[in-house]
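The values are calculated or read from the model by the stated rules, or taken from the named source; none is laboratory data. From a predicted model like this one, the values you see are computed outputs, not experimental measurements. Positions of Cβ are backbone-derived with ideal geometry, glycine not excepted, and every protein chain shown enters the neighbour counts. What goes into the accessible areas is simple: the full protein's heavy atoms, side chains included, and nothing from ligands, DNA or RNA. Shrake-Rupley method; radii C 1.70, N 1.55, O 1.52, S 1.80 Å.
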Amino acid sequence: MDWNELWSQPLSGVALTVALYAAASVAGRRYRRLHPLLLCSCSLIAVLIVFDIPYESYNKGGSLISFLLGPATVALAVPLYRHWRTIRSQWRPIVIGVVSGAAFSLAANAWLAYAFGGSRELLLTMLPKSTTAPIAIELVRMYGGIPELGAVFTVLTGLLGSLVGVSFLRLIGVKGDLPIGIAIGTAAHGIGTARVLRDSELQGAYAGLAMGLTGVIMSVLSVPIYYWLIR
């Protein structure tokens, strides 16, 4: 079998990704501590390395999976629509929570880069990592950071929030659909939103709204910080 010819077909990347995620989902249901997305990502990297599959060849089909992120994000509007009356009645704590969360995230990201001696380019790359990947990558590219590294920071932030975010909030006494949904959606964007949606549709609705608002608010709040850094 000609492996190069096989992996030149877009469906090969799609089939590999779907098969590994299906297996990771089964393992996640059996062992609750395993995160399906993290397990799938690690397995996919391992397969590409072990079988010496070029990323460019895999991405011919893998990019089709990435394309579906758009429709998947739009689908988050469904629980938002279903619970709109409840959400609308609580707009004040939602706005306050998202704005303060986005501002704190920017400040914390800047402090981390500065405290550990990161370069200005690294600081520009890290700043928007708590917002959703398409917005974060464009902000990093716009202001002279490293878009590829920005994508890595953003995905890792979402994975970390998805893995430990809800458990940490409950550990410190945070309960209820509103605070958990807003906190996870603001800090861990789409990956975190998918996590809380498994527990509660209302939490997912709050998180989806927070994710969208965070993208807008962080884009606005980051302007003066970026301007100060690049002038």
Cα-centred dipole magnitude for the chain, charges only on beta-carbon of K, R (+1) and D, E (-1), debye, nearest 20: 1000
Linear extension gain, Ala108 paired with Ile96, 0.36 nm per residue minus alpha-carbon span: 2.5 nm
Relative frequency of Cα-Cα separations exceeding 17 Å in region 95-231, percent: 55
Net charge dipole size for region 77-180 [Lys, Arg +1 and Asp, Glu -1 on Cβ; Debye, nearest 20]: 480
Most fluctuating residue given options Thr86, Thr157, Thr73, as computed from a GNM of the chain linking Cα atoms under 10 Å: Thr86
The chain, helix-only ellipticity at 222 nm - DSSP H runs n ≥ 4, -39,500 (n - 2.57), divided by all residues, nearest 500: -27000 deg cm²/dmol
Ranked order, Leu38, Leu16 - accessible area, probe 1.4 Å, largest first: Leu38, Leu16
All Cα pairs of region 99-171, percent lying beyond 18 Å: 40
Radius, Kirkwood style, for region 18-154 when every pair of distinct Cα atoms is counted (Å): 18.1
Distance in nm between pseudo-label sites at Phe67 and Ile45 (7 Å out along the Cβ direction from Cα): 2.7
Accessible-area value, His189, 1.4 Å probe, nucleic acids and ligands omitted, Å²: 10
Exposed-loop-free span, longest in the chain, where chymotrypsin sites (Phe, Trp or Tyr not before Pro) count as exposed if DSSP calls them loop and at most 15 other C-beta atoms lie within 10 Å: 117-231
Over the chain, equivalent-ellipsoid semi-axes from the Cα gyration tensor in Å: 30, 24, 16
Residue-normalised accessible area of the chain, expressed per residue, 1.4 Å probe, Å²: 58
Rounded percent of accessible protein surface that carbon and sulfur make up, the chain, 1.4 Å probe: 69
Distance cut-off 19 Å, percentage of C-alpha pairs in region 10-71 lying past it: 31
